[in-house]
1. Show me the helices (runs of 4 or more DSSP H) entirely contained within segment 5-95 in which 1 or more residues are modelled with pLDDT of 80 or more.
2. If you check 61, 29, which single one turns out to be closer than 21 Å to residue 13 by Cα and either in contact (Cβ under 8 Å) with a residue 40 or more places away in the chain or in contact with a helix residue (DSSP H, G or I) (Cβ under 8 Å, 6 or more places away or on another chain) (or both)?
3. Which condition does residue 1 not pass, out of (1) within 18 Å of the chain's Cα centre (by Cα); (2) modelled with pLDDT of 85 or more, if it passes all the others?
């Protein structure tokens, strides 16, 4: 997906854009698969960003604990939960991809990397 200043271009998958519908009609099954993959990819991006922020916060908490074991333990928990949360989000993304392609084989026509990156 090309960089655009229009927010609608970012929040809509390619199959739902006005240009695509006018050019080729609308294949509902392919569009549904692409839309599910698109939105699952966007949610995974958000989860990755939130996990990154929490990992940075945990590192800061560890750095500023200055030997206080309770603060250090809290920072370790924060780091652990951020990693677990990201792993769950990634697993959910893979499960969605698996079931969509299991229920609609051949629909969509794109692979996981292409749908996750939006390109």
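1. 28-63
2. Details: 61 fails: closer than 21 Å to residue 13 by Cα.
None of the others qualify; the one that does is 29.
3. Status for residue 1: all satisfied but (2).
The values are calculated or read from the model by the stated rules, or taken from the named source; none is laboratory data. Please read all numbers here as calculations on a predicted model, not as lab measurements. All Cβ positions, even for glycine, are placed from backbone atoms using ideal geometry, and neighbour counts span all protein chains on display.
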